[in-house]
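Here is the structure we will look at.
The values are calculated or read from the model by the stated rules, or taken from the named source; none is laboratory data. Treat the numbers as computed from the prediction; the structure is a model and nothing was measured. Positions of Cβ are generated from backbone atoms using ideal geometry, with glycine treated the same way; all protein chains shown enter the neighbour counts. We work out accessible area using only protein heavy atoms, side chains counted, and drop any ligands, DNA or RNA first. Shrake-Rupley method; radii C 1.70, N 1.55, O 1.52, S 1.80 Å.
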Amino acid sequence: MEFSQVVRTRRMIRNYDPARPVPEEMLARVLGNAVRAPSAGFSQGWDFVVLRTEGERAAFWEASTTPGREPDNWLLGIQRAPCLIVCCSSPDAYLDRYAQPDKGWTDRDAARWPVPYWDVDTGMAALLMLLTAVDEELGGLFFGVPVEALDTVRAALAIPTDRNLVGVVSLGYPAPDRKSPSLRRGRRQVGQVAHAGRFGTPLAL
């Protein structure tokens with residue numbers, strides 16, 4: 001499937017068929033493509049916690065949601081996903097890598113980094129998961145862990161405190177879903193976001 005077709009035919013899926021698990025061979029391809037994402041210095045500072053059993057997923061949802069609060073339709077749909085992949089990044093992997101002789105830095109100062117590439121690269125890996133899911137005719141969604149739940153999710157899944165929780169990919173076979181109301185905002189076109197030579201000069205294609 002061409003990328004343009006992927007963009008036209010699929011969007012983020014927020015409701016899943018809980019009776020249809022993700023086949024292992026599909027999950028293997030999803031993760032196999034994720035580890036081929038680009039990473040600064042080939043640091044590859046990512047880890048993926050894969051939750052497939054009912055108990056594993058329940059532990060995540062219990063740790064990441066507010067006790068006693070009824071889930072809304074958005075959350076109910078995502079909670080039906082038979083597979084969750086918690087995407088973690090390791091700042092230390094990058095700081096250590098760039099303190100090595102071939103990179104030329106002699107310290108591990110995070111201030112040298114214009115942006116946290118450990119999070120950027122892990123996000124790219126998550127995008128490859130989603131694109132692979134489309135190829136496998138699965139549905140997928142990338143969503144974040146609430147700030148107030150980061151520590152409880154780490155504890156529930158035994159994630160080390162030196163890892164950042166970049167986000168979660170939900171995977172499964174799509175069920176009837178409704179489009180996000182945010183789509184009413186419309187998509188910004190290339191002419192609105194691409195600048196020719198300098199910022200503020202629209203790129204004409």
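Within the range 75-89, list the residues whose amide N lies under 12 Å from a label point set 7 Å along Cα→Cβ of residue 56. Backbone N within reach: 82-86. Normalising the average separation of contacting C-alpha pairs (under 8 angstrom, six or more residues apart) by the number of residues puts the relative contact order of the chain at 31 percent. Summary of packing: across the peptides 45-53, 89-97, 32-40, the per-residue average of other C-beta atoms within 10 Å ranks them, highest first, as 89-97, 45-53, 32-40. The modelled label-to-label distance between residue 28 and residue 99, using points 7 Å beyond Cα along the C-beta direction, is 3.8 nm.
Checking every one of the chymotrypsin sites (Phe, Trp or Tyr not before Pro) in the range 126-205 against DSSP loop status and a limit of 16 other Cβ atoms within 10 Å picks out 199.
How do 26, 124 stack up against each other in accessible area, from largest to smallest, with a 1.4 angstrom probe?
Working: 26 30, 124 80 Å².
Sorted by accessible area, descending: 124, 26.
Surface composition of the chain: carbon plus sulfur atoms hold 53% of the accessible area, using a 1.4 angstrom probe and ignoring ligands, DNA and RNA. Extension gain, residue 36-residue 120: 0.36 nm per intervening residue step, less the Cα-Cα distance, totals 28.8 nm. Here residue 193 sits with roughly 70 square angstrom of accessible surface, probe radius 1.4 Å.
Can you bin the range 108-152 into rounded, prolate or oblate? Criterion: square roots of the alpha carbon gyration tensor eigenvalues sorted a ≥ b ≥ c, rounded for a/c under 1.5, prolate for a/b above b/c, oblate for the rest.
Working: a/c = 4.40, a/b = 1.56, b/c = 2.83.
Judged from the Cα gyration tensor, the range 108-152 comes out oblate (a/c at least 1.5, b/c at or above a/b).
Ligands, DNA and RNA are left out, and with a 1.4 angstrom probe the accessible area of the range 26-167 is 51 Å² per residue. Length gained on full extension, residue 196 to residue 47, computed as 0.36 nm times the residue gap minus the Cα-Cα distance: 49.9 nm.
Once you sort the root eigenvalues of the Cα gyration tensor of the chain as a ≥ b ≥ c, which label holds: rounded (a/c under 1.5), prolate (a/b larger than b/c) or oblate (the other case)? Working shown, then result.
On the way: a/c = 1.69, a/b = 1.15, b/c = 1.47.
Oblate shape, in that a/c is at least 1.5 and b/c is the bigger or equal ratio.
For the chain, excluding the exposed loop sites themselves (GluC sites (Glu not before Pro), DSSP loop, at most 14 other Cβ atoms within 10 Å), the longest remaining stretch covers 3-136.
Taking every protein chain into account, the 1.4 Å probe leaves residue 177 with about 50 Å² of accessible area, to the nearest ten. The slack in the chain from residue 127 to residue 70, taken as 0.36 nm per residue of separation less the alpha-carbon distance, amounts to 17.5 nm.
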